[in-house]
Amino acid sequence: QGDHVMKAPELLHKAASIMEERGKEYDKPEGERSMGRAVNAFNAITGKNLTESEGWLLLQQLKDARQWQNPGRYHADSAEDCIAYSALKAEALAEGK
């Protein structure tokens, strides 16, 4: 990445680009949306009632934990994924999921 520090709008665009690429990778025109299936499987196994938005929150927490594992080092992957998960969480919340 060199000396260039991405500003917030660049980070948002990067996260959107990552989401679009993952959608292509998983052959979903609307983008990668596997959290609903993942929480359904989790709930079936554990008897819990995790929501889709809570699943995205959990992934955000994972990425934040990784980001602060070594606080002196910036982890672009963790930061970018956390931004994408935030948007996916907001979408799920807006849809009541």
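In table form, for the structure just shown:
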item	result
Per residue value of the accessible surface for the chain (all protein chains in place, 1.4 Å probe), Å²	69
Computed over the chain, the ratio Rg/Rh where both radii use C-alpha atoms and Rh is Kirkwood	1.01
Nearest-10 value in Å² for the accessible area of residue 73, using the 1.4 Å probe	140
Student exercise, the chain dipole from Lys, Arg, Asp, Glu Cβ charges, in Debye to nearest 20	280
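The values are calculated or read from the model by the stated rules, or taken from the named source; none is laboratory data. Remember, predicted model here, so these are calculated numbers, not experimental data. Neighbour counts are summed over all protein chains in view; Cβ atoms, including those assigned to glycine, are modelled from backbone coordinates with ideal geometry. Side chains are part of the model used for accessible areas, which takes the heavy atoms of the whole protein and leaves out ligands, DNA and RNA. Shrake-Rupley method; radii C 1.70, N 1.55, O 1.52, S 1.80 Å.
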